[in-house]
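Here's the structure we're looking at; comments come further down.
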Amino acid sequence: MANPHDFHSPQPSYTRDELLRSSEGGYFGPGNAQLPAPPMLMMERISEISLDGGAFGKGHIVGELDIVPGHWFFDSHFRGDPMMPSSLGLDAMWQMIGYWLGWSGSPGKGRAIGVGEVECTGSITPDAQRVRYEVAMRQVRRGKLVLGIADGRVLADGTCVFMAKDMRVGLTKAAD
């Protein structure tokens, strides 16, 4: 399995174009982590990413999504009462954990494994301007099994609308 750092030098932030290149595959090397393509790519940019930041000092990642009234999920979720499904916020944070694992040098494809606790405290409507996803890595296991465990929250225009604890993402390796 290819070492992600042989293909990519870690940066402290990423633009939409760079995230789109990741969704094409191969950004961290063949068979390694990649983001989903639009419309399932749930962020415009990664504004912060580190190995030692966050609430637990084990790494963090911050992603942002600019809200426009025409986003696909507003027309398909609760017609007449448009809102972004909370599940998309959870998926965005899982995406970011998998990206972080590849960015930090672990090989394999990211797969969401689970979440311990979820709390919804609000909603994201077409009136919002920006969604911010903040993820703090709690534990990282590297070895035969690569696993990232993190806590995160979703903010709409600075107000927390969603929290998740013990989100788990693993990296799988292709069969030989």
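A DSSP coil position with no more than 13 other Cβ atoms inside 10 Å describes the following trypsin sites (Lys or Arg not before Pro) in the stretch 27-91: Arg79.
Taking Leu90, Leu65, Leu145 in turn, the Gaussian network model of the chain (Cα-Cα springs below 10 Å) assigns the largest fluctuation to Leu145. For Lys144, a cut-off of 18 angstrom between C-alpha atoms picks up these lysines, skipping any fewer than 8 places away in its own chain: Lys109, Lys173. Calculated [222 nm] ellipticity per residue, helices only, for the chain: -5000 deg cm²/dmol; basis is -39500 (n - 2.57) per DSSP H run with n ≥ 4, divided by all residues, nearest 500.
Annotation: amide H of Gly29 has no partner in the under-5 Å range at sequence separation 5 or more or interchain, hydrogens built in the peptide plane. Measure off, as a whole percent, the carbon and sulfur share of the 1.4 Å-probe accessible area of the chain, all protein chains present. Taking all protein chains in place, the chain shows 51 percent carbon and sulfur surface. Gain on full extension, evaluated as 0.36 nm per residue between Arg111 and Met83 minus their Cα-Cα distance, stands at 7.5 nm. Close amide H pairs (under 5 Å, H built 1.01 Å from N) link Glu48 with Val62, residues at least 5 positions away or on another chain. If exposed means no more than 14 neighbouring beta carbons inside 10 Å and the site is in a DSSP loop, what's the longest run of the chain without any exposed chymotrypsin sites (Phe, Trp or Tyr not before Pro)? Answer - 79-176.
One decimal place: the segment Thr121-Asp66 gains 17.8 nm when fully extended, by the rule 0.36 nm per residue minus the C-alpha distance. Residues whose amide H lies under 5 Å from that of Arg130, counting only those 5 or more places away or on a different chain, are Ile67, Asp157; hydrogens are built 1.01 Å from N in the peptide plane.
The values are calculated or read from the model by the stated rules, or taken from the named source; none is laboratory data. Treat the numbers as computed from the prediction; the structure is a model and nothing was measured. Heads up, the Cβs are rebuilt from the backbone with ideal geometry, glycines too, and the neighbour counts pull from every protein chain shown. Accessible surface is based on the protein model in full, side chains and every heavy atom, while ligands, DNA and RNA are left aside. Shrake-Rupley method; radii C 1.70, N 1.55, O 1.52, S 1.80 Å.
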